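> Quick one: this structure, given as structure tokens, is what I'll be asking you about.
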Amino acid sequence: MLGAARHGTWRARRGGMANALPAAVLAAAAVLAACRHPDPTNLAVEAVVASAARLPTAAAGEPLRVATYNIHHIDGDRLAAALVADPDLAAAQVIFLQEVVRPRDADSAACAVGRRHGWHCAYAPGHGLDGGSLGVAILSRRPLVDVEAIELPYFNVRFNAGRRVALAVTVEVGGTAVRMYSVHLDNRLNPGERIRQLAPVFDDAGRWDGPALIAGDMNTSPFVWLGHVVPVPAGVQDDRLEGFVRSRGFTTPVVASGPTHQWLSMRLDAIYARGLRVLAYAVEHDVRVSDHLPMWADVTL
């Protein structure tokens, strides 16, 4: 049996505004984004805690399989089916999710799966959506502790602009505590802006004295953007972001993953590691309930 859902208090570290803009411009941007950039005091982190009796045990020294998947608003039933549709994905013990919907007065899609199927779950809402919210989540067969939401810098990208957060948790791997982050960055950002939006996650990880893993949808499309609207082909997004990641002491072990999106052969999703070694990884091209493709990796200390 699963334990009752526990709704924790919102804990956020602010990454700051993206630019020092005049007050009038800030006010206009706030009006444009009001329906998607809600008051963070009303957005508590959601958590579901599974009973230990429902969780499988792992052999000592066994690699930990993690997966990351932007699920593009699908509901809990479709998510549960997707997670067991492929044997390699079904073997994951920690799953980082993005574009997770939480309807008004209901579990998020991720935590609905956790409640029904015996997973630990944490969900952090980013911006409002149809009376509920859209955010990031982590499903885990191992307990999640020290759950925290980290607010990321806001950029007005003209269309679908919204508040962005990262979700941080701690998971025990082989007797060692590992800090883990689920991240979803804006799409129409240029390389310097993308680095600034992700930087608070690395600032947080820099305060953690131990292994860490960051996974999610980095939206490193093969474009730069004029006015956050007009795409110009340029293969610099992933190179620039990965250079920043390595400068902060993390490895970029899945750079040869190939496309993680169904269109334009785009590699949008990533896994970054510190103090962990990636033994194997793959993108599951047959799991197509979203516009993204799930990616997994086996990691060890």
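The values are calculated or read from the model by the stated rules, or taken from the named source; none is laboratory data. No experiment lies behind these values; they were computed from the predicted model shown. Here Cβ is always computed from backbone atoms with ideal geometry, including for glycine, and neighbour counts include all displayed protein chains.
> Looking only at the stretch 241-296, filter to residues that are part of a strand (DSSP E or B) and among the charged types (D, E, K, R); which one of those is nearest to Ala109 (Cα to Cα)?
Residue satisfying both the conditions and the ranking: Asp269.
> Sticking with this one: Any residue in the stretch 264-286 that is within 17 Å of Arg248 (Cα to Cα) sitting within a Cβ distance under 6 Å of a residue that is β-branched (Val, Ile, Thr) and part of a strand (DSSP E or B)? List the pairs, counting only those 6 or more apart or interchain.
Note: pairs meeting the criteria are Tyr272/Ile214; Ala273/Thr251; Leu276/Val299; Arg277/Thr300.
> Quick one: is Gly126 of a type outside the set (D, E, K, R), touching a strand residue (DSSP E or B) at 6+ places or on another chain (Cβ under 6 Å) and more than 19 Å from Ile74 (Cβ to Cβ)?
It is false that Gly126 is of a type outside the set (D, E, K, R), touching a strand residue (DSSP E or B) at 6+ places or on another chain (Cβ under 6 Å) and more than 19 Å from Ile74 (Cβ to Cβ).
> With Ala168, Ala177, Ala124, Ala137 as the choices, which residue is assigned to a strand (DSSP E or B), under 12 Å from Val45 (Cα atoms), at pLDDT 95 or above and out of contact with any helix residue (DSSP H, G or I) (no Cβ under 7 Å at 6 or more places or on another chain)?
Result of the check over Ala168, Ala177, Ala124, Ala137: Ala124.
> Touching a residue at least 12 places away in the same chain (Cβ under 8 Å), β-branched (Val, Ile, Thr), within 17 Å of Glu148 (Cα to Cα) and not in a loop (DSSP other than H, G, I, E, B), is that true of Ile214?
yes
> So which residues in the stretch 180-195 are within 25 Å of Leu129 (Cα to Cα) and either modelled with pLDDT under 95 or assigned to a helix (DSSP H, G or I) (or both), if there are any at all?
Once the filter is applied, which keeps residues that are within 25 Å of Leu129 (Cα to Cα) and either modelled with pLDDT under 95 or assigned to a helix (DSSP H, G or I) (or both), the stretch 180-195 yields Glu193, Arg194.
> Give the stretch 245-301 a look and list any residue that's out of contact with any strand residue (DSSP E or B) (no Cβ under 6 Å at 6 or more places or on another chain) and among the charged types (D, E, K, R), or say none.
Arg246, Arg248, Arg267, Glu284, Asp286, Arg288, Asp291
> Filter the stretch 225-251 down to the residues that are β-branched (Val, Ile, Thr) and either free of Cβ contacts under 8 Å to residues at least 12 places away in the same chain or surrounded by 18 or more Cβ atoms within 10 Å (Cβ to Cβ) (or both), then identify the one that is nearest to Thr170 (Cα to Cα).
First, pick out the residues of the stretch 225-251 that are β-branched (Val, Ile, Thr): 229-230, 232, 236, 245, 251.
Okay, now just the ones that are also either free of Cβ contacts under 8 Å to residues at least 12 places away in the same chain or surrounded by 18 or more Cβ atoms within 10 Å (Cβ to Cβ) (or both), so 230, 232, 245.
Working: Val230: 39, Val232: 39, Val245: 20 Å.
Only one residue tops the list, namely Val245.
> Please find, among Asp238, Asp209, the residue that is among the acidic types (Asp, Glu), assigned to a loop (DSSP other than H, G, I, E, B), over 26 Å from Ala81 (Cα atoms) and modelled with pLDDT of 95 or more.
Result of the check over Asp238, Asp209: Asp209.
> Quick one: would you say Pro211 is under 16 Å from Val66 (Cα atoms) and touching a Lys or Arg at 6+ places or on another chain (Cβ under 9 Å)? Before the answer, list the steps.
On the way: under 16 Å from Val66 (Cα atoms): yes; touching a Lys or Arg at 6+ places or on another chain (Cβ under 9 Å): yes.
Spelling it out, Pro211 is indeed under 16 Å from Val66 (Cα atoms) and touching a Lys or Arg at 6+ places or on another chain (Cβ under 9 Å).
> Tell me which residues, restricted to the stretch 181-204, are surrounded by fewer than 23 Cβ atoms within 10 Å (Cβ to Cβ) and among the hydrophobic types (A, V, I, L, M, F, W, C).
Ile195, Ala199, Phe202
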